[in-house]
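What follows is a single structure, written as structure tokens, with notes after it.
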Amino acid sequence: CATSTKGGASFDAETNRWSGRLALNVASEPPQSFSAGFELSGQPDKGELRLTSPLGNILGVMQWQPGQALLSQGEQVRQFDSVEALAAEVTGAPIPVRALFAWLRGQPEEVTGWQADLGQLPAGRLSAQRQMPLPTAELRIVLDR
Amino acid sequence: GGLDSLAQFVKDTRSGKANFTQVVTAPGKDGQPGRSKTQTGTFEFQRPGKFRFTYAKPFEQTIVADGKTLWLYDVDLNQVTSRQQEQVLGSTPAAIVAAAPDVKALEKDFTLAEEPEKDGQQWVKATPKSRDGQLQTIRVGFKPGSKGPELGTLDILDSFGQRSVLTFSGFDVNAAVPTSQFVFTPPKGADVLKQ
């Protein structure tokens, strides 16, 4: 049965929605960092990733489906040719957004260049490193409890 | 009314400390009301330009503005990000409450309009002038206090229709907040990177 959605439980099976916070560090020159609250919903090939600031306003909404990836920020909507390109624009690195659906369920999924550590998921934590292409990058996720 | 409460607050309340509850409600979708998340913490400020949001529950996060740099530290993620204050602060709710030295400075970034009294508070609606369009409106509610108007509510509506309402309590007007509260020293081992 679906876990309760009250109190922001991290996963709601009914709407396939995950919520928590993510941080990304890119070892570029100069190094880049990004952190935000997030809500991921939908399916790997048709989904939405919503990023929010600590004070609660939405920084951007990423929506994708086959052949289309849109980024809405304020009143502006921009089109990208892939959800990875869209993620790179917002966060600084092409986060494998589609693989998150599998990773967050604890299912290993190969993404070239990325190495995911699913061992901490029982504690609501996920980390993934990108070894290549350079610069290396690290994604850390903490799910709402 | 709201406008003179704001003017008096900005002029006379040079520092303060209060507890707050933040309820963020997502925009509703196809007739369904949006989901909401509640967080609690403490807010401290020293005008102009210094403030600290210490989120305690359900997770620990700290936002510190030290006058030059805005720091965000997420304890669980062990991540610190920092940005130059003047780049980000102008059209944020914190500018109204803690950063702006006077109302004239606020009017550079916001159109201010009086709103009718409600819930025993005097209200002002601030509409950001900046074109980045992230926030639609910021409504500020002031409660009458023994030492002048006290910040009661920040009601922030963003351009997606997401609403974040911070209600303040136990407001200590012109509290003697130690300056160390507005100095952020990154904890050992946390990744500290510029955004």
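The values are calculated or read from the model by the stated rules, or taken from the named source; none is laboratory data. Worth saying up front: this structure is predicted, and the values here are computed from it rather than measured. Cβ placement follows ideal geometry from the backbone for every residue including glycine, while neighbour counts extend to all protein chains displayed. The protein model used for the area step is the full one, side chains on, heavy atoms only, and it has no ligands, DNA or RNA in it. Shrake-Rupley method; radii C 1.70, N 1.55, O 1.52, S 1.80 Å.
How shielded is B:68-74 by partner chains, expressed as the average number of their Cβ atoms within 10 Å of its Cβ atoms? It would help to have the intermediate numbers written out before the result.
Working: counts 0, 0, 0, 0, 5, 1, 9.
If you average over the peptide's residues, the count of other-chain Cβ atoms is 2.
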(request) Quick one: check the C-alpha center-to-center distance for the range B:24-75 versus the range B:130-187, whole angstrom. (result) 10
(request) May I ask for the longest run of chain A untouched by GluC sites (Glu not before Pro) that are loop-located per DSSP and have at most 13 neighbouring C-beta atoms (other than their own) within 10 Å? (result) A:15-74
(message) Between residue A:27 and residue A:45, what is the label-point separation in nm under the 7 Å Cα-to-beta-carbon projection?
(response) 3.6
(request) Please give, to one decimal in nm, the separation of the simple spin-label points placed at residue A:79 and residue B:11, each 7 Å out from Cα toward the Cβ. (result) 5.4
(message) What does the structure give for A:21-33 when I average, per residue, the other chain Cβ atoms found within 10 Å of the residue Cβ?
(response) 4
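Label chain A by shape, choosing from rounded, prolate and oblate, from the square roots a ≥ b ≥ c of the eigenvalues of the Cα gyration tensor; if a/c is under 1.5 it is rounded, and otherwise prolate applies when a/b is larger than b/c, oblate when it is not.
Details: a/c = 1.39, a/b = 1.13, b/c = 1.24.
Rounded is the answer for chain A, as its axis ratio a/c remains below 1.5.
Just the number please: accessible area per residue for the protein assembly as shown, 1.4 Å probe, all protein chains included, in Å². Don't skip to the end; give the middle numbers.
On the way: 15600 Å² over 340 residues.
Result: 46 Å² per residue.
Expressed as a whole percent, how much of the Cα-Cα distance distribution for the range B:1-72 exceeds 16 Å? Walk me through the numbers on the way to the answer.
Values: 1627 of 2556 pairs.
Result for the distance tail: 64 percent.
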(message) As an exercise, use a Förster radius of 45 Å and the Cβ-Cβ distance of residue B:86 and residue A:107 to find the FRET efficiency, rounded to the nearest 0.05.
(response) 0.50
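Ignoring any ligand, DNA or RNA, what whole percent of the accessible area of the range B:48-188 comes from carbon and sulfur when the probe is 1.4 angstrom?
On the way: 3340 of 6390 Å².
With neighbouring chains kept in place, the figure for the range B:48-188 is 52 percent.
Once every DSSP H run of n ≥ 4 in chain B is given -39500 (n - 2.57) and the sum is divided by its residues, what mean residue ellipticity at 222 nm do you get, rounded to the nearest 500 deg cm²/dmol? Write out the running numbers ahead of the final one.
Details: 3 runs with 22 residues, N = 195.
Taking each H run of at least 4 residues, the total per residue is -3000 deg cm²/dmol.
Over both sides of the A-B contact, add up the buried accessible area with a 1.4 Å probe and give it to the nearest 100 Å². Each step should come with its number before you reach the end.
On the way: alone 8070 and 10440 Å², together 15600 Å².
Between A and B, the summed buried area is about 2900 Å².
So which trypsin sites (Lys or Arg not before Pro) in the range B:66-131 end up in coil per DSSP with only 12 or fewer other C-beta atoms within 10 Å?
When the trypsin sites (Lys or Arg not before Pro) of the range B:66-131 are filtered for loop state and at most 12 Cβ neighbours within 10 Å, B:68, B:129, B:131 remain.
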(request) Name all residues of the range B:136-162 having a backbone nitrogen under 15 Å from the label point set 7 Å from the Cα of residue B:38 along its Cα→Cβ direction, giving them as ranges. (result) none
(request) Obtain the nm distance between the two label points defined at residue B:107 and residue B:130 by a simple spin-label model: each point lies 7 Å from its Cα along the Cα-to-C-beta direction. (result) 2.1
(request) Shielding by partners for A:44-56, please: the mean number of other protein chain Cβ atoms within 10 Å of each residue's Cβ. (result) 5
(message) For chain A, what does the relative contact order come out to in percent, with C-alpha contacts under 8 Å and a separation of six or more?
(response) 21
